[in-house]
1. Can you go through ALA138, ALA145 and tell me which one is touching a residue at least 40 places away in the same chain (Cβ under 8 Å), out of contact with any helix residue (DSSP H, G or I) (no Cβ under 6 Å at 6 or more places or on another chain) and farther than 19 Å from GLN45 by Cβ?
2. Which residue, of GLY101, GLY143, GLY94, is open to solvent by less than 50 Å² (accessible area, probe 1.4 Å), over 14 Å from the mean Cα position of the chain (by Cα) and at positive phi?
3. Which of the residues that make up the range 35-50 are open to solvent by 10 Å² or more (accessible area, probe 1.4 Å) and within 15 Å of TYR119 (Cα to Cα)?
4. Looking at VAL109, is it modelled with pLDDT under 90 and among the aliphatic types (A, V, I, L, M)?
5. Filter the range 82-134 down to the residues that are touching a Lys or Arg at 6+ places or on another chain (Cβ under 7 Å), in a loop (DSSP other than H, G, I, E, B) and of a type in the set (A, V, I, L, M) and list them by number.
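The values are calculated or read from the model by the stated rules, or taken from the named source; none is laboratory data. Being a predicted model, the structure only gives us computed values, none of them experimental. Every residue, glycine among them, receives a Cβ derived from its backbone with ideal geometry; neighbour counts consider all protein chains shown. Ligands, DNA and RNA are excluded from the accessible area calculation, which covers all protein heavy atoms including side chains. Shrake-Rupley method; radii C 1.70, N 1.55, O 1.52, S 1.80 Å.
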Amino acid sequence: MNKKLVALSGGAALVLALSGCGGGDEGDKKVNDWAKSVCDQVQPQLKKIQGANASIQAASDEQDSKKLQQTDSKAFQQISESYAALATAVRKAGAPPVDNGEQVQKQAVKELNATSKAYNDLKTTVDKLETSDKSKFAEGLKGVADELDKLSKSGDQALKQLQEGKVGTAMSKQPGCQKPKTGATSAT
């Protein structure tokens with residue numbers, strides 16, 4: 001039942017991890033400086049999100065509903081806090097020095113804050129699940145997985161805009177905006 005939860009949260013949680021596929025010239029120094037100021041704050045948050053997802057995955061076979069609930073709750077809290085920190089980083093960096101930069105920044109901050117709130121709402125939902133009845137708990141987890149599915153499909157547009165053009169190219173070159181490297185799928 002929790003395996004679906006794991007698959008969905010992994011896709012939704014790393015929406016900001018950039019692929020590094022941007023090509024082209026070195027670009028404007030101001031854009032690169034802006035990207036560095038944001039990306040220096042991104043990597044620690046991506047690692048926290050990845051760690052939270054790993055804890056969900058590690059607990060996916062947990063038979064004790066209460067332990068599973070606690071693990072998922074803590075992970076959703078960490079993910080929520082990480083997205084809030086990402087929103088703060090983008091806000092503090094100011095508008096990227098590109099056309100419509102202020103609008104792009106505002107939309108990205110709004111999207112990151114909305115994602116943070118959505119994960120906090122999932123934490124609240126998980127906290128309220130009845131753990132003494134395994135079938136009710138499983139049904140509740142299915143509802144959480146359904147919400148994660150919606151979250152993964154919704155509103156990544158502002159982040160995609162932030163990752164387009166010169167800004168996206170500059171961000172993709174910053175180590176802090178690249179997906180954290182992980183070892184083998186060990187769950188310790």
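1. ALA138
2. Only one candidate passes the filter, namely GLY94.
3. Across the range 35-50, the qualifying residues are GLN45, LYS48, GLN50.
4. no
5. Selection gives VAL98 alone.
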